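Down below is the structure, laid out as C-alpha cells.
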Amino acid sequence: MKILVINAGSSSMKYQLFDMDSKAILSKGNCERIGIDGNVKGSSGQNSYNFKVKMDNHIEAFKVIKNILTEGENKVLYSLSDIGAVGHRIVQGGSTFTKSVLVDDEVVRIIEDYAALAPLHNLAHIQGIKACTEVLGKSVPQVVVFDTAFHSTMPEEAYTFPIPYELSKKHNIRRYGFHGTSHRYVSAKCIKLLGKEQSKIVTCHLGNGCSITAIVDGRVIDTSMGLTPLDGFMMGTRTGTLDPSVVTLLQRKEGLSPDETDDLLNKKSGALGVSGLSSDDRDLTLAAEAGNERAALARKIQQYQIRKFIGSYAAAMNGVDAIVFTGGLGENAPDIRENVCKNLTFLGIDFDDAANEILIRGAEGEITKGNSPVRVFVIPTNEELIIAKDTLEIASVK
C-alpha cells in the first residue's frame with residue numbers, strides 16, 4: 001500500500017509518499033508560505049524541484065501536491081487512487097487520544113477542541129485533513145497520529161502541575177509532552193540495540209525545538225516539554241523552564257500583553273535571545289569560535305541544561321541503561337554530544353571520541369566503548385515512518 005504522510009502547519013504543508021511494501025520514500029517535499037507568495041520544494045525519485053506557485057489555502061496546496069505526484073517529470077503515481085491512506089501528524093491530542101485513530105467527524109471536533117492548547121498547530125492540522133477530504137474524497141481513509149500520545153503513560157505525579165487542582169481539571173492544564181513520534185521511534189530502536197525489553201533509556205531530541213524523555217521498559221515516565229512545547233530546557237528561540245515571576249515582572253516592566261509575552265518567550269528568546277545573533281547552532285558555533293562571548297554563553301547554557309535533565313531522569317528512573325541523541329543537533333553536533341557525555345562520567349559513561357566524530361549526516365551508531373555501563377547512541381529519527389506505519393495498520397482493518 002502507498003501511504004501519504006501530511007504535516008500541515010499554519011502556512012505550510014509537508015508531505016512524504018511511502019511505498020509500505022519496501023518502506024521506500026517515493027516523493028517528499030514542502031508547500032511553504034501558503035497564503036503569502038507560495039513556494040514548493042522537494043524531490044521525487046532522482047528529481048529535485050523548487051518553484052513558486054500561488055496557494056491561497058491548504059486545499060490549493062494539496063492540489064499542488066496531487067499534481068506533483070501524478071503529472072509531469074516528478075510523477076510517481078498513475079492516479080490518486082493509488083494512495084491507500086493518508087496519515088496526519090497532530091501536535092496536541094490532549095488526554096483523550098492515547099494512540100493513533102481513524103479520522104471521523106467526532107475526532108476532528110475533539111482535535112479542534114484542543115486547539116486552545118496548540119493554536120498554531122491543531123487548527124492547521126484540521127485544514128490539512130479537510131484539504132485531503134476535498135481532493136481525495138471520503139473513501140480514502142485518514143489516520144491521525146498524535147505527538148502527545150506516546151507520553152500518555154506518564155504517572156500522575158509526573159504530569160500534574162502544582163496549581164489548584166480544580167483549575168488543572170477545568171482547563172486541561174497538565175504536562176502533555178511533544179516530539180512523541182520521534183521519542184517513540186528512537187527508543188524502540190535503542191531497545192533493539194540493547195537486546196532487552198526491560199530498560200531505562202533517556203532520549204534526547206535536539207533541534208531548534210528540543211525535548212528529553214525518560215522511558216522505562218518502553219513506557220514514558222517523564223518528559224521535558226509540558227502543557228506546550230515552551231517548557232523544558234533552552235531551545236533555538238524558546239526559553240524552556242523559567243521562574244514564573246520572570247514572566248509577570250516582564251509584563252509589568254515592559255507593559256506586555258499575554259500575546260506579546262507569548263511571542264517573546266516562544267520566538268525571541270532561547271539561543272537567539274541570549275546570543276542576540278541567531279537561533280541556529282551552526283551560526284553560534286562559528287561566532288563563538290570567532291570570540292563572540294554571548295554566542296558561546298548560549299551554547300554553554302543549553303549544554304548545561306541538557307546535562308541537568310539527563311541527570312535528573314537518571315534519578316527519576318533509579319538508573320539508566322542508555323542515552324540516545326537524535327534530531328538535527330543530536331545527529332549532527334558531535335561537540336554537543338561530547339560536552340554532555342564527558343560531564344556525566346559519574347554515570348559510568350566511557351566515551352568513544354573517534355566514533356562520536358564520524359557519526360553525522362544520518363549515520364547511526366554507538367559513541368561509547370564496549371565496557372561502558374551506560375551506552376550512548378546516535379539514532380536518526382524518522383517520525384514520518386512511524387506515522388506511515390500507524391496509518392497502514394489502522395487503515396488496513398478499516
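Cross-link pairs exceeding 29 Å in C-alpha to C-alpha distance, out of LYS75/LYS267; LYS196/LYS369; LYS52/LYS99; LYS169/LYS189; LYS2/LYS52; LYS99/LYS200, comprise LYS75/LYS267; LYS52/LYS99; LYS169/LYS189. Equivalent-ellipsoid semi-axes for the stretch 196-383 (Cα gyration tensor, √(5λ), whole Å, largest first): 30, 20, 13. For LYS253, neighbours were defined as the other residues whose beta-carbon sits under 15 Å from its Cβ, and their charges (Lys and Arg +1, Asp and Glu -1) total -2. Note on the stretch 324-393 and the stretch 19-94: Cα centroid distance 30 Å, given to the nearest whole angstrom. Across the stretch 192-201, coupling constants 3J(HN,Hα) worked out from phi with the 6.51/-1.76/1.60 Karplus curve, θ = phi - 60°, read 5, 5, 6, x, 8, 6, 7, 7, 10, 10 Hz, and Gly and Pro carry x. Sequence-distant or interchain residues sharing an amide H contact under 5 Å with PHE377, placed H: which? Amide H to amide H, under 5 Å and 5 or more residues apart or across chains, PHE377 pairs with ILE323, VAL324, PHE325, ILE367. Would you pull out the residues with amide H under 5 Å of GLY87's amide H, same chain only if 5 or more places away, H placed 1.01 Å from N? For GLY87, whose amide H was placed from the backbone, the distant partners under 5 Å are LEU4, VAL5, ILE6, VAL143.
Over all alpha-carbon pairs of the stretch 306-373, lay out the pair-distance distribution in 5 Å bins, whole %, shortest bin first. Bin by bin from 0 Å, the calculated values are 3, 17, 29, 26, 18, 6, 1.
Show which aspartates and glutamates lie in cross-link reach of LYS41 when reach means a straight Cα distance below 18 angstrom and same-chain residues fewer than eight apart are skipped. Partners found: GLU32, ASP56, GLU60, GLU71, GLU73, GLU384. Amide H contacts under 5 Å for LEU26: LEU17, PHE18, ASP19, restricted to partners 5 or more places along the chain or on a different chain, H placed in the peptide plane at 1.01 Å from N. Label point 7 Å out from LYS28 along Cα-to-Cβ: which residues of the stretch 171-194 have amide N under 14 Å? Output list for this probe position: 182. Taken over the alpha carbons of the stretch 2-146 as equal point scatterers, the Debye sum produces base-10 log I(q)/I(0) values at 0.09, 0.14, 0.15 Å⁻¹ of -0.26, -0.63, -0.72. Between the stretch 267-298 and the stretch 140-210, the alpha-carbon centres lie 29 Å apart. Computed over every Cα-Cα pair of the chain and binned at 20 Å starting from 0, the pair-distance distribution P(r) comes out as 26, 58, 16, 0 percent.
Backbone phi angles across the stretch 221-231, fed through the Karplus curve with coefficients 6.51, -1.76 and 1.60 (θ = phi - 60°), yield HN-Hα couplings of 10, 6, 8, 7, 6, x, 4, 9, x, 6, 6 Hz in residue order; Gly and Pro are listed as x. Projected onto its three principal axes, the C-alpha set of the stretch 139-291 covers 51, 49, 41 Å, listed from the longest axis down. Of the trypsin sites (Lys or Arg not before Pro) found in the stretch 339-372, the ones in coil according to DSSP and having at most 11 other Cβ atoms within 10 Å of their Cβ are ARG361. Based on the Kirkwood approach, the hydrodynamic radius assigned to the stretch 64-150 is 13.8 Å, with every pair of different Cα atoms included. Helix-only arithmetic for the chain: the sum of -39500 (n - 2.57) across DSSP H runs with n ≥ 4, divided by the residue total, places the mean residue ellipticity at 222 nm at -12000 deg cm²/dmol.
Partner aspartates and glutamates whose Cα lies under 18 Å from the Cα of LYS300, excluding those fewer than 8 positions away in the same chain, are identified as ASP280, ASP281, ASP283, GLU289, ASP335, GLU338. Listed values for the stretch 34-40 are Karplus-derived 3J(HN,Hα) couplings in whole Hz (6.51 cos²θ - 1.76 cosθ + 1.60, θ = phi - 60°), namely 5, x, 10, 10, x, 8, 10, and x replaces Gly and Pro.
Just so you know, all these numbers are worked out from the coordinates, no wet-lab data involved. Here the structure is a predicted model, which means the values were calculated and not measured. When we count neighbours, we look across all protein chains shown, and the Cβ atoms used for this are built from the backbone with ideal geometry, even at glycine.
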